[in-house]
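The values are calculated or read from the model by the stated rules, or taken from the named source; none is laboratory data. Because the structure is predicted, anything quoted here is derived from the model rather than measured. Don't worry about glycine lacking a Cβ; one is built from the backbone with ideal geometry, like all the others, and counts go over all protein chains shown.
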Amino acid sequence: MLDVRNLNVWYGVTEVVRDVSFSVPTGSIVALMGGNGAGKTTILNTLSGLLKPRGGELALDGESIKDRHPHDIVVRGLVQVPQGRHVWPGMTVRDNLDLGAVTRKDKDGIRADIEEAFALFPILAERRDQRASSLSGGEQQMLAICRALMAKPRMLLMDEPSAGLSPRIVQEMVAAIRRLHERGLTILLVEQNVGVAGALADTAYVLANGEIAFSTDGAELATNPDVLRSYLGR
Amino acid sequence: MLPFLLTSGITTGALYAMVAIGLVLVYRSTGHINFSHGELFMLGGFFAYTFHVTVGLNYVVAMLLAVIGSFFVGVASDRIVYRPLIKAPGLSMVLATVGFSFLMKGIGRFFWGGKGEYLSIKPIVDPAPLWIAGIPILPQQLIVLAGALACMIMFTIFFRSTLAGKMMQATAENPRAAYLVGIKVEQVYTYTWGAGAAVAGAAAVLMAPLTLLSPDVGFTLLLKAFAATILGGLGSMVGAVVGGFIVGITEALAGGYIATSLQEVSSFIIIMVVLVFRPSGLFGVYGIRRA
């Protein structure tokens, strides 16, 4: 269970996240939605330890993760799949995966998890010795997800996994995220695509101007997406 | 005259190559050019001088101590100067490395300067030249050459095949992604600055018997090594070595056939020509970054 209480984050003199509270129960998928600049990515980066919050509390399974080094947060099982994928372009698929496991020591487990990643996205197995820069956008997204899985997370933070992908690949991504969820992963999903969030999320929070403006459950999101679209301004 | 110019060009080229390797190492994992790299070389040389000549330790022991000492100077530079600037804009880092070079030059002058002369170390091996195909070659030249090649091979293998090397490369390519998988980015930087300094120290130790040491040796050497890395392609290990040899040989030939005054200028000409016609260099791996 991830618990975010009264989170405040500033960039210099600008408050970008204001008093945000929400929780992600173990075993659930929670969506964080909102337009550009609403503060979604800022929240994920604060959870990952890349940004220091000015106020509030962040707890993973009852233990505070506020002001921890990103390394400690990964070790505790909270791993981010960043927006725009951020794979290492000059390195091979295999190297990218190996580096995903830098916090681990169990060589056999790592080897088994690489095979498991290849089973999840078989195209990566075919491309294992290629440089990540030669992969398509969809394949890079798959690689970014697998790289995060290599750290053996309890919970994934996914930042817009459907961004910039073709509708067919988006469907494939939704199916893959569902499989990960069925395997027991808790997921906090940042999404602008209402269809994707509706298909996956148990609960959705909508952010506007750094505040939570609205929350809804997944069923409503799926049946009545227009409510949400009005908040997202589209 | 050509064979003589070539042998001297190849030897200075090997020196430039070794200094360039250190520059590339730091650039590859931190993304910064270390403008204090020449001064690290200078300090490494003086460490060797102190341990060997002043204290009277065995040459090999003095060499090792000098390289280790250089490593710790590199680590200290990271902890004191660079780490506080880890999130600052690139230009701050450039200025910090320049500032640190002045500090080290000051330290060099304080402890080893002001003696009105250049200091020298006796060669490790017999100073009598070997005659190969009618060309005199100093054994120490061969040692420098072997040292440069060994360093290049070692670091290429290190980056390609070890997890630590890949962590350094990943940190250079995308530090944000490195943080997100749990790489201790700050630690990677510390070891990198240390390793870069150690290579500079090793180059100084190998080279000291051939050249003379002075607190001001750093800057000229940095320029030559910089020309070599630009020519070879910033970020490429092989490029640094090839670039180092080309700069060394060009310098020797320009000095011998055209005019001695051209010897010092030739590295600037190389930098200019490469930047105009092939900005990514001969073996450029990272393409061109635009601000």
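Observations
- Checked against (1) part of a loop (DSSP other than H, G, I, E, B); (2) within 24 Å of B:Q187 (Cα to Cα), A:Q83 passes all but condition (2).
- Within this structure, B:M167 passes the test of being at pLDDT 85 or above and either part of a helix (DSSP H, G or I) or among the aromatic types (F, W, Y) (or both).
- The set of residues in the range B:144-178 that are more than 19 Å from A:G49 (Cα to Cα), among the charged types (D, E, K, R) and either over 24 Å from the mean Cα position of the chain (by Cα) or more than 7 Å from chain A (Cβ to nearest Cβ) (or both) contains only B:R160.
- Unique residue being of a type outside the set (G, A, S), closer than 21 Å to B:Q140 by Cα and outside any helix (DSSP H, G or I) when the list is B:P209, B:P215: B:P209
- Candidates B:G233, B:G239, B:G248, B:G244 - the one that is under 11 Å from the mean Cα position of the chain (by Cα), surrounded by 24 or more Cβ atoms within 10 Å (Cβ to Cβ) and not hydrophobic (A, V, I, L, M, F, W, C): B:G244
- Cβ-Cβ distances below 6 Å connect the following pairs, each with a first residue in the range A:213-227 that is charged (D, E, K, R), a second residue that is modelled with pLDDT of 80 or more and surrounded by 14 or more Cβ atoms within 10 Å (Cβ to Cβ), and a separation of six or more residues or different chains: A:D217/A:T203.
- A:L51 being in contact with a Ser or Thr (Cβ under 9 Å, 6 or more places away or on another chain) and over 30 Å from A:R128 (Cα atoms): yes
- Entry remark, the range A:126-167: residues being part of a helix (DSSP H, G or I) and closer than 21 Å to A:R178 by Cβ number 14 in total.
- Answer residue from the range B:179-197, given it is facing chain A (nearest Cβ under 10 Å) and touching a Leu at 6+ places or on another chain (Cβ under 8 Å) and is surrounded by the most Cβ atoms within 10 Å (Cβ to Cβ) among those: B:L180
- From the list A:L185, A:L189, the one residue that fits, being within 13 Å of the chain's Cα centre (by Cα), free of Cβ contacts under 8 Å to residues at least 60 places away in the same chain and closer than 22 Å to A:G84 by Cβ, is A:L185.
- Some residue of the range A:124-140 being surrounded by 15 or more Cβ atoms within 10 Å (Cβ to Cβ), without any contact (Cβ under 8 Å) to a residue 60 or more places away in the chain, within 14 Å of chain B (Cβ to nearest Cβ) and under 17 Å from the mean Cα position of the chain (by Cα): yes
- Residue in the range A:33-40 that is of a type in the set (A, V, I, L, M, F, W, C) and in contact with an Asp or Glu (Cβ under 7 Å, 6 or more places away or on another chain) present: yes
- Residue count, the range A:36-50 (criterion: more than 8 Å from chain B (Cβ to nearest Cβ) and either of a type in the set (S, T, Y) or over 17 Å from B:A178 (Cα atoms) (or both)): 9
- Screening the range A:51-86 for residues that are facing chain B (nearest Cβ under 7 Å) and surrounded by 18 or more Cβ atoms within 10 Å (Cβ to Cβ) and picking the one that is modelled with the lowest pLDDT gives A:H86.
Conditions tested, residue by residue: (1) surrounded by 14 or more Cβ atoms within 10 Å (Cβ to Cβ); (2) without any contact (Cβ under 8 Å) to a residue 40 or more places away in the chain.
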position	(1), (2)
B:N34	yes, no
B:L64	yes, yes
B:F71	yes, no
B:D78	yes, no
B:L91	no, yes
B:F111	no, no
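- Taking the range A:17-30 as the range and being at pLDDT below 95 and within 11 Å of the chain's Cα centre (by Cα) as the test, no residue passes.
- Each residue in the range A:99-113 was checked for being more than 7 Å from every other protein chain (Cβ to nearest Cβ) and not in a loop (DSSP other than H, G, I, E, B), and 7 pass.
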